[in-house]
Each structure stands twice: as C-alpha cells, then as structure tokens.
1. Name the residue, out of A:183, A:232, A:196, that is assigned by TED's automatic domain parsing to the domain that holds residue A:274, buried (at least 19 other Cβ atoms within 10 Å of the Cβ) and on the phi > 0 side of the Ramachandran plot.
2. What residue, among those in the range A:41-63 that are out of contact with any Pro (no Cβ under 9 Å at 6 or more places or on another chain) and without any contact (Cβ under 8 Å) to a residue 24 or more places away in the chain, is surrounded by the most Cβ atoms within 10 Å (Cβ to Cβ)?
3. Is there a residue being within 14 Å of chain A (Cβ to nearest Cβ), within 21 Å of the chain's Cα centre (by Cα), in a loop (DSSP other than H, G, I, E, B) and at pLDDT 95 or above anywhere in the range B:154-165?
4. Within the range B:338-349, is even one residue more than 24 Å from residue B:119 (Cα to Cα), in contact (Cβ under 8 Å) with a residue 24 or more places away in the chain and either over 18 Å from the mean Cα position of the chain (by Cα) or in a loop (DSSP other than H, G, I, E, B) (or both)?
5. Show the residue pairs that are 6+ apart or on different chains and have beta-carbon atoms under 7 Å apart, the first residue being within the range B:409-422 and more than 21 Å from residue B:286 (Cβ to Cβ), the second being at pLDDT 95 or above and part of a helix (DSSP H, G or I).
6. When you check residue B:515 against the structure, is it polar (S, T, N, Q), away from chain A (no Cβ under 14 Å), more than 24 Å from the chain's Cα centre (by Cα) and surrounded by fewer than 21 Cβ atoms within 10 Å (Cβ to Cβ), yes or no?
7. So in the range B:319-337, with the set limited to residues that are touching a helix residue (DSSP H, G or I) at 6+ places or on another chain (Cβ under 7 Å) and outside any strand (DSSP E or B), which one is farthest from the other protein chains (Cβ to nearest Cβ)?
8. Residues that are closer than 30 Å to residue B:342 by Cβ and at pLDDT 95 or above: list the strands (runs of 3 or more DSSP E) wholly contained in the range B:1-91 that include at least 3 such residues.
Amino acid sequence: MTDKQSDGIYHDVASPFCGIASDDLVVEVNGNTVTVKENGDPVTRHGFETPLTDLSPRIKGQEVSLEEAVSHIVALLKNSKQPLIGGMGTDLNGARAAMALADISRATIDSQFSDAAFRNILVLQDSGYMTTTLTEVRNRVDLLLVVGSDIESAYPRFYERILWPQESMFGQEIESREIIYLGKKPSGDASTSPAGRKAEVIECDDADLPEVMSVLRALVNGKKVQAESVGGIAAADLAGIAEKLKAARYSVITWSGSQLNYDHAEVTIQNICEMIKEINQTTRSNGLPLGGKEGDTTVNAVSSWQSGYPMRTSFSRNMPDYDPYMNRGQRMLDEGEVDLLLWVSSFNTDGTPPKTDATTIVLGRSGMTFEQEPEVFIPVGVPGIDHVGRTFRCDSAVSVPLKKLRDSGLPSTYEVLTAVEQAL
Amino acid sequence: MLTKLTGGRVIDPEHGINDVVRDIYIRDGRIVDAPSDGKIDEEIDVRGKIIMSGAIDMHTHIGGGKVNIARTMLPEDHAESLLERTELMRSGCGHAAPSTLTTGYRYAEMGYTAGFEPAVLPINARQAHMEMHDTPIIDKGGYAMLGSDDFLLRMMAANEDQEAINNYVAWTLTHTQALGLKVVNPGGINAFKFNQRKLDLDEKNTFYNVSPREILQRLSRAVTELGVPHPLHVHGCNLGVPGNKDTTLDTIQGIEGLPMHLTHIQFHSYGTEGDFKFSSGAAEIAEAINRNKNITVDVGQILFGQTVTASGDNMRQFAGAPHAHPNKWVCMDIECEAGCGVVPFKYKDQSFVNALQWMIGLETFLMVDDPWRIFLTTDHPNGAPFTSYPHLIKLLMDKSFRNDMLSTLHPEAQKATHLAAIDREYSLYDIATMTRAGAARLLGLSDRGHLGVGAAADITVYTDHPDREKMFSSPDYVFKDGQMVVRNGQLIKITWGTTHVVKPHYDASIEKPLQSYFDKYHTVKMGNFKISDDEIVDDGRGSLTVQPLKQGGKL
C-alpha cells in the first residue's frame, strides 16, 4: 500500500485535509519533516508540512507520561455529570473509538464542522436529494452551477481535478463545459477553462440567496415571475440559468455548506435539492455538496452506522438520543450544561477547542497552542502522516486509505480513546 | 475444551439427516467426533430440542453507503426502537435500518450466524467492509456489483474477449474483498446517467450499444469460468414494473443454461391482468424455476409496515420515488460505476398492490418445488426488516395461520390469488435447507451450513414450539464458532465473525488498461482503490476466510 522509495518519496498519497481528498500527492519524508513535492496546494501543504513540536502529554501544563494522562482522563470522565466529546477531527478508527467512549461515558458527541454539515443533513432527513460524485462530474458535467460559494479557496484543486481533465470518458469537448457562479464571485481564476473561457458570475449577497434560489426554482418549473429583479439580479438572468439547466444533459449544482453561512441556510439547500429533483423529470441534474475535510464526512458516517444517528447524539440516557438543536455542542457549552469537554482535533493545529468553563481535555495535533492551557493535552498522531487511517471524501461514497509517512511515536486518537474506554 | 450437546434432534440437510437424535461434540470452534476416551469438559442437555446449524442470510443489506444513507435519513424510525447499553452490548437503535451493532445482536438472537451484503459497489466496498467490521457475532461477506460500470461497458463495446472480462471480474472480486458477483439492473444504472428511463432485456444502452442480455451472459460466463462458487447474483431489469414477469422469463431463457441466481424474485414476478392492471406472475415464474435447474432464487418477501428500500438500482428507485413514505428520498450516481436509491416505504395490507405483493412472494415460496434452490429473504430492509423472519417462517409452515392473515387483506387482492388453495406447508427440514444447507452450498461456504465433523460450530438449538414464530424468534442456544453467544434467547457473549471472500486468479496484464483508466478518468488512484487484507483485519477483530474455488475454475 505504501509506495515508498528509498529516497523517502511516497507516491499516491491521499490528503485528509480537503474534502475532495486528492490522492495523487507526491510527498517527501525526511525524518519528521514532510514536504509535498507534487500536486500540492495551500491546503494540503499546510496539512502535511506543519512541523512536529510537542511529543509529550501534559496535565495542567506539566509533562506527564501517556499512561498518567489516560488515567487522569478516566478519572475526569468518571466524575463528569455531562461530558461532551467535541471537535472530532479524526479518521475512521478515531471516530469508532470516540463513539465507543461516548456510549460508555454517557457523553454527547458533536463535531466542530456540524453547523455546516447539518445544513445538508437536515435536508436529507426532511426531503432527501439527488447527488453525484467526483468521478461522475469529471466525466459528465456540461453545466456547473456554483451557489453561494467560492470553491477554490477551500478546494484549491477542484477545477484542475474535476472540471478540466485532459479528456472526458464520453467524448465531451472539455472546453464546452459551462460554469456559472450565483452569489459569491470566485476569488481566483481556477474556474477559467484551459483555453481561457471565464465563468459567468451573477453576484448577490448571501442574504438574498434564499429568495434568489426560490425564484430560480420557480422559473425552472415554468412559473411566471412578476418581479424584474431579485436580490439585485435581473429576473431575465435567472430565467437564462433556468433554461440552461433544463437544456443541459448532466448539470451539476454545487455548494459549500460552510460558505452558506447564514441562519437556516438548510432551507436554501432544500430549495436547490428539490429543484434538482424537478429538473430530473426531463433531463439529468445532480447536487454536489462540498465539505468533508478533516474527518467531517467520516465521523458522521461512523456515528450513523454505530448509533443510527449522525453527530449531535447524546448517550446520557444510556441509549442514543438525537437532537440537532439540543445536542449542538456549542449551545451546550454556552448554556453551561457541560462539565467536561473532550476535544479531538488531530489534523489541524488551528482546530483548538472553544473557550469554556468546562474542564477541557484536548487530543490535538502536535504544535497546537492554547489561550488557556487545557487540563489535559495529548499530542496525537495525524492520520495519514503518523499512522495509517481511512477517510471519507465529501461525496460520501468514496473513502481512501491514508498512509503512515513517519515514525513520530505519537499515539493515534484511536489508541488513546480506546485505552480510556477500556479503563472505564 | 470439549463440549457435548446431548440428545438433540438433529436436522442437517447437507447430510440428509432429518430429525435424528444425535450428540454433537465441539472443540476449538469446530464440530468433532466423539472423544475416544469419552472425556468431556462440559455437557449441555438438549434432549427434545431441535438442532440446526446457524442460519445464513444470503441477501441482506447490512453495510455500505446506501444503508448508511437510510440510517441517517430515518431518525424517526430509530426513535421507536432504541436499544439500551448493557454490560455486554453497545447501545443502538433502528428497526428498518438498524445500527451495525444492533444488526449483529438481533441476527444472533434469532439463530443467524452469517449475513451477506449483496450490493457492494466496488468503489464503496471499503465502507461496506467498515460497517460489516462493526457488525458483531455474525460472519459476513459481500457481492461486488458490476454491470453498469463504464470499464466493463467499454470492454464490451470494444468487443473484448471473454478472457479479458474474466480477468477484470477476478481483479475486482480480489481487490474489493468480495465473495461473489452481483449485477443490478444490468446496464440500466449506467443508461440512467444518459437519461434513459428504462432498459428492457434487449434494449441497448444508447452510448455503448450494449444490452442487458449481453451483460448477463458475459458476467455469468466469467463467474462460471473463474470457478467462483456463487452464481452471478442478478437483480434483473424492470424491478417493480407491472408485466415484468415476461422480462424475468426472458432472462431465465437468455442465460442459456449458465448458473444464475435471481434475487428478490417477488419484485420481478408481476403481470398486468385484472382491473388494477397488476397481477401475480408467480405461477409462471415458479414453473420456469422448477424447469431450469441452473436457476436459483431468493424471494424478497414483503411484510406489512414501515420500512425503507435501498438499492443500487437508481433508475427504478427514481421511478418509485413518488411513493416514498415518509416523503423523502435519495438518488445518487456513483463514480462511473453504479448508483443508489434510498426510498422509505410503508407496505399497507389494505393496498391492493401491496397485498398482492405479499401473496406473490408466498405463492413463489410454495410453488417452487426444490428448497435447495429458493432462499428465505425479505431483501432486508426492502421488503421488510430481517427481524420479521420468524413471522415469515410461520407463514410458510402454518397454512391456517397463513390463510387467517390472507383473509384480512385487501378483498380484491384476495380474489386475485389462489394462495388459499395451496396446501403446502414447509417442514423444519425444508426451512433448514433453505436457511442453512442450501445457502451455504449456494455461496460456496465449505465449512458452514451443516453439522458434520469438521464444520465450524455455528449451531442453533430451538424448542420445538408449535408456534413457529415463537420457536424461531428465540432459540435456546446459539453457538458461534463453538462459543455460546445466546442462551434462552438472550445474548450472553459478543464475538466477531469472519469475512468470507474468494480470491480467483487473474492475469496481472489487466492492470495495464485499468491503470490507464484510473489515471485518465477516475479521481481515485488504482492503488488506493484496492482494499488490503490489513484493512479487513483492521484492529485485530476482523479476519478473512478465503473460500475455495470450484474444481475446474480457470482463467
């Protein structure tokens, strides 16, 4: 599985740091230093190249052994009336261990990315959707509509890998692919075709997106619209998009849950998804929700198969109880309902825990810095760097293996959480 | 440690043993001969009890993307069946789409010791195995799904020879860690991506100019020539479409004698007669099955109540989506391989169509003569959750119960069936054949499904209760690999079963076009597509059992 060569070069390395999980990276490893040599981008370089610093666990800022740190966590959990397992920046086995621990410790479990993820999950649970996956888009898309999102800032290689391959499987002229931005304009030129054709950009404020999407859906359904403009967009322009969606053979509508960052954005997404179903009465169209970095998709998947529910599930009644509002981790912290926060964030030193009065345990990436030193800090290995792992891509259908690139000696989140669970 | 089960009434169809009092000895997870020195460590008195090998569910959607979409989608369905954590068991929930842990516990409590996920998309196989890894006690395995994947259709469009296709099939089975090969709406899932809305057996995919009939022939030949024990597992064209019995009859003829397993045949046995233009085709289908010895089927019985349908057949699921109950559904196109559709559904006994579906399933069970060639399934959860098996067994074994149920259903549907006139009642031996010996033989599980010396000690002990639903709901004992996991219907121990796979030989030359295909068109590298043995073993709880190929298997 590991295509290591004698010079410390690894090929076909998958990145867990971005939701499209590119797996064609070439990485050089020299001791504990990792360098992305080929196919890197700002997101993956930051992910792989963040240097290793801390190697020892700490209690109240004092270095301790891993065993001591684990024992202390066990004692804290035993005395906790309402633990919250948060962050959840981890891989498959880290998620499995966190679920097992939540179950035995009667904790509530939530992820740092849930606000965005639930904009899609709530739609799934209310009305469902039609979606597609990255390889399908790469070979079939003829019209890409980007709603309210600047893709390249979070997914720098999306266009290169998905929209502008050398060739499509079905003889489509790649240059003929049409891209329309509705809402935010792109921050760069990644969406410009290899021959220089620029995306069409129809801007509006986030606040106007709910109305704009409603009108677009109405137009797709052949309804008459009285207004001449909506959210600053000419109704005729929206009618133009509607016609293109109906004429396209395989349109794809994409959005980033984290960038549709306003109250009840799930309703906008629901309108997109229902519109897609309606377009499919005559031609093919699909959604492509982007998200899923740093274990986001993975932890929701594992939680669903182990408990029946995604994140925001509580085990306080000794059985899973799901409530996307009550079990929102930040709400529980804000309301002072949590006395112990176990924060898992193994991918990103920026993924620090929220400020809270609750006693805080952090299983974090080496190099993490804190405004307030947590009660316990255990630097854990990064899945895909310090140990093998598996992570799901944003489209949920695909998961990729993560390689071990170096011997840092850091424990995995799975090892730490399993040790805690066993001791309970 | 030698355990003796003393005095049970053994039903072991693989050895033709029907209700014969025998002692069974277990050591190191296996059934062994009586010890020559007579020394035993533990004796369990099972006098008067019925002993069968552990049951095998050969078609149950227990792991993979679409099942997990169903779980995430249905919080309201789980909320009515929550499972508390105990000293022994993890908490869980779910009725139509239970959590993996609950799935394993419930199967074991019913005396099942193996379940096979029948629709593993190769690119999603990793996830299917992750979920099955988290399913306790039972053995598991999966059938890799081909037939709408662009790689195969490209090969067929280019008229590549059978050997190349065999190579590709063997490569796929090996690297997805599969036990068998499945095809779902052959070519149809692919055709839907080109906006075709139906695909009959001889209709061509507009892009590839390839028909479902040709796909079935190629894949069935591949499985046969490779020596994979399980015949091609076929979810045919036109699922759920009134009149599809003719497609099914054509499919049976079209395979020209090659081995073929037609799954959830109930959904493919519909006529168009009567006022409702919907009628039973079960008699004709059963007759064709009886006549064509190369054909096996499982039924996909429907039972009334809320469930969820989860299928790779997004073409048909999209067509069925207006019937979603509650009104929400998902369809996906997936990775130039296949797709999926998840549609919650409530089967109603006062619906003419649903009542007739119930009757068609039972007619099929009762009119197919040979219990070695028909298998007990609800296509969990598509026809009903697997937890309804004891009820289904009672329907098969108890004519008066069956007819009592029948008399409560939609009156027009009752007039459309001869079910009430069918006297057949399944015997315990028939049930053991269908759910044990036959299933193991069909899947090529060499050491399961029987109670001979050398078999894995997967054993279920029942009380011979006249109420067969009670009997099969709550076995006295269940042994998994020799360990007692259930006593008096209650779980007492959690174990972790193995993953059954086949590893047909392939010529490495197939990786040249595959490498090029992955590099040019895919978003995953070929090396990352492959699932290593280590991933199955994982944290040490998993294991692989490689089942032997048939004699004469070749490439």
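1. Going through A:183, A:232, A:196 in turn, the sole match is A:183.
2. Restricting to residues being out of contact with any Pro (no Cβ under 9 Å at 6 or more places or on another chain) and without any contact (Cβ under 8 Å) to a residue 24 or more places away in the chain, the top hit is A:45.
3. We begin by selecting, within the range B:154-165, every residue within 14 Å of chain A (Cβ to nearest Cβ); these are B:154-155, B:157-158.
Now narrow it down to the ones that are within 21 Å of the chain's Cα centre (by Cα): none.
Checked the range B:154-165: no residue is within 14 Å of chain A (Cβ to nearest Cβ), within 21 Å of the chain's Cα centre (by Cα), in a loop (DSSP other than H, G, I, E, B) and at pLDDT 95 or above.
4. Taking the range B:338-349 first, the residues more than 24 Å from residue B:119 (Cα to Cα) are B:348-349.
Remaining after also requiring in contact (Cβ under 8 Å) with a residue 24 or more places away in the chain: B:348-349.
Next cut, either over 18 Å from the mean Cα position of the chain (by Cα) or in a loop (DSSP other than H, G, I, E, B) (or both) only: B:348-349.
Yes: one or more hits.
5. Every condition considered, the pairs that remain are B:410/B:352; B:410/B:355; B:412/B:352.
6. Details: polar (S, T, N, Q): yes; away from chain A (no Cβ under 14 Å): no; more than 24 Å from the chain's Cα centre (by Cα): yes; surrounded by fewer than 21 Cβ atoms within 10 Å (Cβ to Cβ): yes.
The answer is no for residue B:515.
7. Filtering first and then ranking leaves B:337.
8. Working: elements: B:2-12, B:17-27, B:30-32, B:42-45, B:50-53, B:55-57.
It comes to B:55-57.
The values are calculated or read from the model by the stated rules, or taken from the named source; none is laboratory data. Keep in mind that what you see is a predicted model, and the values were worked out from it rather than measured. For neighbour counting, all protein chains shown are included, and Cβ atoms are generated from backbone atoms with ideal geometry for every residue, glycine included.
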